[in-house]
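The values are calculated or read from the model by the stated rules, or taken from the named source; none is laboratory data. Note that the structure is a prediction, hence the values are computed from the model and not measured. Please note: Cβ atoms are built from the backbone with ideal geometry, for glycine as well, and neighbour counts cover all protein chains shown.
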Amino acid sequence: MTQTTNIPQLRGLSLQELTALCIELGEKPFRAKQLYEWLYLHRIASINEITNLPSKFLEKLSSIPVSTLTLGDVSESQDGTKKILFTTASGKSIETVIIPSELVGEDNNPKRRTICVSTQIGCALDCKFCATGSMGLLGNLSTGEILDQFIQGEHVAGTKLTNLVYMGMGEPMMNYTNVMKSVDVLTDPTNDMLGPKRITLSTAGVVKNIRRMADEQRKIKLAISLHSVHNHKRSDIMPINDSVPIEQLMETVEYYYCQTRIPVTYEYIVFGEYNTSPADIKRLAKLTRRVPSKVNVIPFHDVDFVRNQADGPALSSATQEQFDNFVYALRAEGVTVMARASSGKDIHAACGQLALSKGA
Ligand code: SAH
């Protein structure tokens, strides 16, 4: 496995780390707070934009870039979804997606603009339906690289972003420290970015860190990629299920809910017959009743991406009728179901698809 090393950059450093840097550079510690504001409230792209710090200090700082992520192609879907390709300092591609909500406000603009950020370059989990999974893990993104997707994404959107989901490339719970450091900056009210309830972390089920997040009383939302409710089938499409079976995952979800009292979201890709039988529906409904929750039912994006059938079961998209019937039956069981039209399908805005097609 090739691990990339993150190049140092200013954005991503906590106030404590900036204070240590100021001391190291022979500056007064209080300068750190000013620098912190420039990085996260004013969201500068370069040191040259700073107006209230001594030029000697700025000179010393200029050897460290503010940000190392380079903005690449931006493609826009007919539904307004924007997909951004970034290149890291190590020359790897990552992707970020901005999704406007279908609901519009009084000003006729979408009520929400959600940014979907990547947390790793590639992914180690090897889920059989996921394009990122076929890349293997190339490295973790730094806190700064995660935050820069939000900050540069806001420029691309040309307006404030209202929500953030850790649902791009990678498994956020396998890059826990950097992801949580990015949460700390995003939810620091002095930065005027996002409230914790507007942030969702999606995981395939890294239970140790779901517990840790609950214990740390982080008030962000949790989403669980479920996709099947039977261990043998879930293991066939999500190898993590071999080490964390559904029972253990559900116990951890209960623990998370008991600690935080925040309702949980389950993600469920509809794969035609594979996971939509009456037995699947009954069991899914039963599982979701364990804590207050909703289910996001997702169409399978299989555009431009065919995985080796020997490497997992043959998966196909559901027909519109299968999809609608599944949603209807699940609702009839009393489950709260969110079923959205597939966003950005024409620009390959599904996990890992663009970066993969560019040969990340
Ligand atoms: N590793 C984390 C977050 C990244 S994946 C997780 O597993 O939750 C984000 C979401 O996109 C997950 O629910 C994932 O299952 C879904 N996804 C991945 N590939 C997809 C595809 N081809 N079509 C539809 N959804 C997909």
Segment 32-60, residues that are within 32 Å of the chain's Cα centre (by Cα) and not hydrophobic (A, V, I, L, M, F, W, C) = Lys33, Gln34, Tyr36, Glu37, Tyr40, His42, Arg43, Ser46, Asn48, Glu49
Residue check, Thr68 out of contact with any Cys (no Cβ under 6 Å at 6 or more places or on another chain), among the polar types (S, T, N, Q) and in a helix (DSSP H, G or I) | no
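Condition check ((1) at pLDDT 95 or above; (2) more than 11 Å from the ligand (Cβ to nearest atom)) across all residues:
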site: Thr177; (1), (2): yes, yes
site: Asp184; (1), (2): yes, yes
site: Ser202; (1), (2): yes, no
site: Val206; (1), (2): yes, no
site: Met213; (1), (2): yes, yes
site: Lys219; (1), (2): no, yes
If you go through Lys233, Lys181, Lys208, the only one that is of a type in the set (D, E, K, R), under 17 Å from Leu284 (Cβ atoms), assigned by TED's automatic domain parsing to the domain that holds Arg290 and out of contact with any Lys or Arg (no Cβ under 8 Å at 6 or more places or on another chain) is Lys233
Pick from segment 127-151 the residues that are buried (at least 19 other Cβ atoms within 10 Å of the Cβ) and hydroxyl-bearing (Ser, Thr, Tyr): which of them is nearest to Ile115 (Cα to Cα)?
-> Thr143
If you go through segment 269-282 one residue at a time, do you hit one that is within 15 Å of the ligand (Cβ to nearest atom) and closer than 21 Å to Val165 by Cα?
-> yes
Is segment 78-87 home to any residue that is at pLDDT 90 or above and among the polar types (S, T, N, Q)?
-> yes
If only one of Ile224, Ile237, Ile220 is in contact (Cβ under 8 Å) with a residue 24 or more places away in the chain, closer than 23 Å to Asp188 by Cα and buried (at least 20 other Cβ atoms within 10 Å of the Cβ), which one is it?
-> Ile220
Filter segment 125-142 down to the residues that are more than 10 Å from the ligand (Cβ to nearest atom) and of a type outside the set (Gly, Ala, Ser), then identify the one that is farthest from Thr87 (Cα to Cα).
-> Asp126
Note on segment 283-320: residues at pLDDT 95 or above and part of a loop (DSSP other than H, G, I, E, B) are Arg289, Arg290, Val291, Pro292
Mind listing whichever residues of segment 148-175 are of a type in the set (Asp, Glu) and within 16 Å of the ligand (Cβ to nearest atom)?
-> Glu171
If you go through Glu76, Glu49, Glu95, Glu37, the only one that is over 26 Å from Thr119 (Cα atoms) and either assigned by TED's automatic domain parsing to the domain that holds Phe150 or of a type in the set (Asp, Glu) (or both) is Glu49
Of the candidates Ile115, Ile224, Ile210, Ile146, the one satisfying the condition of being closer than 22 Å to Lys294 by Cβ and part of a helix (DSSP H, G or I) is Ile210
Residue among Met174, Met169 that is farther than 16 Å from Ile115 by Cα and not polar (S, T, N, Q) | Met174
So how many residues does segment 152-172 have that are buried (at least 22 other Cβ atoms within 10 Å of the Cβ) and either among the acidic types (Asp, Glu) or assigned to a helix (DSSP H, G or I) (or both)?
-> 3
Leu226 vs (1) within 15 Å of the ligand (Cβ to nearest atom); (2) touching a Ser or Thr at 6+ places or on another chain (Cβ under 8 Å): all pass except (2)
